[in-house]
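J.: Dropping a structure here in structure tokens format, bear with me for questions.
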Amino acid sequence: MTKTDATTHPEDTSAPALEVHGVRKTFEAEIAPVRALRGVDLTISRGTFVALMGPSGCGKSTLLNLIAGLEEADEGTIQVAGESMTGGTEDDHALIRRRHIGIVFQFFNLLEGMTVLENVALPAIIAGRSRKAAETRARDLLDLLGIADKASVMPGVLSGGQRQRLAISRALANEPTLLLADEPTGALDSAGGSEVIELLNRLHAAGQTIILVTHDADVAAAADTVLAMRDGRIVTDSDAAMGSGGPATTIGSL
Ligand SMILES: Nc1ncnc2c1ncn2[C@@H]1O[C@H](COP(=O)(O)OP(=O)(O)O)[C@@H](O)[C@H]1O
Ligand SMILES: [Mg+2]
């Protein structure tokens, strides 16, 4: 089966949502280089909901940024839906990002001067859909998210939980293969956090592949699988016990 997106690019739906092999990333810093990722291997099959946990500074956001093609790996390969996010130009990465990735951050990144509907419709318009088609899809998303009655207001009047649900619906505008969420509940009170998790659960039930970074074990419990990250590597329970780098991590049935 192939899915066709706004730019009528046929997608190889037999490829896993994500394949990461041997990825390393070092940042130059004033005192000493920071080895943010020290060899990450990870395969995530479609439809899986993965939570990534680990202490501050262990490399979680760096990994998401590399998967999204917002930063370049020093070594290793990253494939999203079978398309390479490593080795190409920034334009190549932007195209793959538009086709396959939706991202949500802790602090919403909403466009405050646009209505709720326009916020959600914009990514699809940028991707080449007509305004009418984009707004129709945006209304469906807002409906799904339970904020359809807020379509014509500015984001500033929404609650924290509503703002994050809006950010998630915007991230879904182009039907991404992979939804990346970097501490999406980190700035919310517990009611707002629950609204966001309930939404992620519903999206997962509808087949959305999700990688959720969180500090909160209660939040991570919503996922199928919880991965632990330490010092730039993904560790399994047995690795933690043995103190060694372990085998490649494969999530979901391939
Ligand atoms: N642009 C950057 N320049 C220099 N160091 C960075 C940069 N981005 C991240 N780092 C460093 O890389 C390490 C991993 O950061 P990050 O991926 O943000 O961790 P996490 O999201 O797990 O808290 C940290 O030591 C951080 O200070
Ligand atoms: Mg982070």
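J.: State yes or no: is D140 more than 16 Å from ligand 1 (Cβ to nearest atom), without any contact (Cβ under 8 Å) to a residue 12 or more places away in the chain and over 24 Å from I67 (Cα atoms)?
T.: In short, yes.
J.: How many residues, within the stretch 24-48, are over 12 Å from I78 (Cβ atoms), surrounded by 19 or more Cβ atoms within 10 Å (Cβ to Cβ), among the aliphatic types (A, V, I, L, M) and more than 16 Å from ligand 2 (Cβ to nearest atom)? Steps first, answer last, please.
T.: At the first step, the residues of the stretch 24-48 found to be over 12 Å from I78 (Cβ atoms) are 26-36, 38-39, 45-48.
From what is left, the residues that are surrounded by 19 or more Cβ atoms within 10 Å (Cβ to Cβ) are 36, 46, 48.
Add one more test, that the residue is among the aliphatic types (A, V, I, L, M), and what stays is 36.
Pick out the ones that are also more than 16 Å from ligand 2 (Cβ to nearest atom) and you get none.
Within the stretch 24-48, residues that are over 12 Å from I78 (Cβ atoms), surrounded by 19 or more Cβ atoms within 10 Å (Cβ to Cβ), among the aliphatic types (A, V, I, L, M) and more than 16 Å from ligand 2 (Cβ to nearest atom) number 0.
J.: Here's something else I'd like to know. Residue under question is L117, and the condition is that it be assigned to a helix (DSSP H, G or I) and either in contact with a helix residue (DSSP H, G or I) (Cβ under 8 Å, 6 or more places away or on another chain) or within 22 Å of D224 (Cα to Cα) (or both); does it hold?
T.: So L117 fits the description; yes.
J.: Can I ask one more? From A220, A206, which residue is closer than 23 Å to T62 by Cβ and among the small types (G, A, S)? So that I can check it myself, show each step before the final result.
T.: Numbers: A206 fails: closer than 23 Å to T62 by Cβ.
The conditions single out A220.
J.: Of everything in the stretch 166-188, what is closer than 22 Å to H215 by Cβ, more than 16 Å from ligand 1 (Cβ to nearest atom) and at pLDDT below 90? Give them in sequence order.
T.: Result: L188, single match.
J.: Quickly run through the stretch 10-39 and pick out the residues that are out of contact with any Phe, Trp or Tyr (no Cβ under 9 Å at 6 or more places or on another chain), among the small types (G, A, S) and either within 11 Å of ligand 1 (Cβ to nearest atom) or at pLDDT 95 or above (or both). Reasoning before the result, please.
T.: Let us first name the residues in the stretch 10-39 that are out of contact with any Phe, Trp or Tyr (no Cβ under 9 Å at 6 or more places or on another chain), namely 10-32, 37-39.
Checking which are among the small types (G, A, S) leaves us with 14-15, 17, 22, 29, 32, 39.
Once the filter is applied, which keeps residues that are out of contact with any Phe, Trp or Tyr (no Cβ under 9 Å at 6 or more places or on another chain), among the small types (G, A, S) and either within 11 Å of ligand 1 (Cβ to nearest atom) or at pLDDT 95 or above (or both), the stretch 10-39 yields A17, G22, A29, A32, G39.
J.: Please determine, by comparing only the residues of the stretch 164-177 that are of a type in the set (D, E, K, R) and surrounded by 23 or more Cβ atoms within 10 Å (Cβ to Cβ), which one is farthest from F107 (Cα to Cα).
T.: Checked the stretch 164-177; the qualifying residue farthest from F107 (Cα to Cα) is R170.
J.: Being under 21 Å from M229 (Cα atoms), away from ligand 2 (no atom under 16 Å from the Cβ) and either among the small types (G, A, S) or over 17 Å from the mean Cα position of the chain (by Cα) (or both) narrows it down to one residue among E11, E19, E75; which is it?
T.: E75
Every residue, every condition in (1) within 19 Å of the chain's Cα centre (by Cα); (2) buried (at least 22 other Cβ atoms within 10 Å of the Cβ); (3) charged (D, E, K, R); (4) not in a helix (DSSP H, G or I), yes or no:
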{"residue": "D140", "(1), (2), (3), (4)": "no, no, yes, no"}
{"residue": "D143", "(1), (2), (3), (4)": "no, no, yes, no"}
{"residue": "D149", "(1), (2), (3), (4)": "no, no, yes, no"}
{"residue": "S152", "(1), (2), (3), (4)": "no, no, no, yes"}
{"residue": "Q162", "(1), (2), (3), (4)": "yes, no, no, no"}
{"residue": "A181", "(1), (2), (3), (4)": "yes, yes, no, yes"}
{"residue": "P184", "(1), (2), (3), (4)": "yes, yes, no, yes"}
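J.: Return yes or no: is L110 aliphatic (A, V, I, L, M), surrounded by fewer than 22 Cβ atoms within 10 Å (Cβ to Cβ), more than 13 Å from ligand 1 (Cβ to nearest atom) and not in a helix (DSSP H, G or I)? Break it down into steps so the answer makes sense when it comes.
T.: Numbers: aliphatic (A, V, I, L, M): yes; surrounded by fewer than 22 Cβ atoms within 10 Å (Cβ to Cβ): yes; more than 13 Å from ligand 1 (Cβ to nearest atom): yes; not in a helix (DSSP H, G or I): yes.
Judged against the criteria, L110 is a match.
J.: Looking at the stretch 49-69, which of its residues are within 16 Å of ligand 2 (Cβ to nearest atom) and either free of Cβ contacts under 8 Å to residues at least 24 places away in the same chain or not aliphatic (A, V, I, L, M) (or both)?
T.: G54, P55, S56, G57, C58, G59, K60, S61, T62, N65
J.: Could you please find all residues in the stretch 186-218 being hydroxyl-bearing (S, T, Y) and not in a helix (DSSP H, G or I)?
T.: Those that are hydroxyl-bearing (S, T, Y) and not in a helix (DSSP H, G or I): T209, T214.
J.: Filter the stretch 41-68 down to residues that are under 22 Å from I197 (Cβ atoms), within 16 Å of ligand 1 (Cβ to nearest atom) and in contact with a helix residue (DSSP H, G or I) (Cβ under 9 Å, 6 or more places away or on another chain), then give me how many there are.
T.: Selection size over the stretch 41-68: 5.
J.: Restricting to the stretch 164-173, count the residues that are free of Cβ contacts under 8 Å to residues at least 60 places away in the same chain and outside any helix (DSSP H, G or I).
T.: Qualifying residue count, the stretch 164-173: 0.
The values are calculated or read from the model by the stated rules, or taken from the named source; none is laboratory data. Model, not experiment: these values are computed from the prediction. Cβ atoms come from the backbone with ideal geometry, glycine included; neighbour counts cover every protein chain shown.
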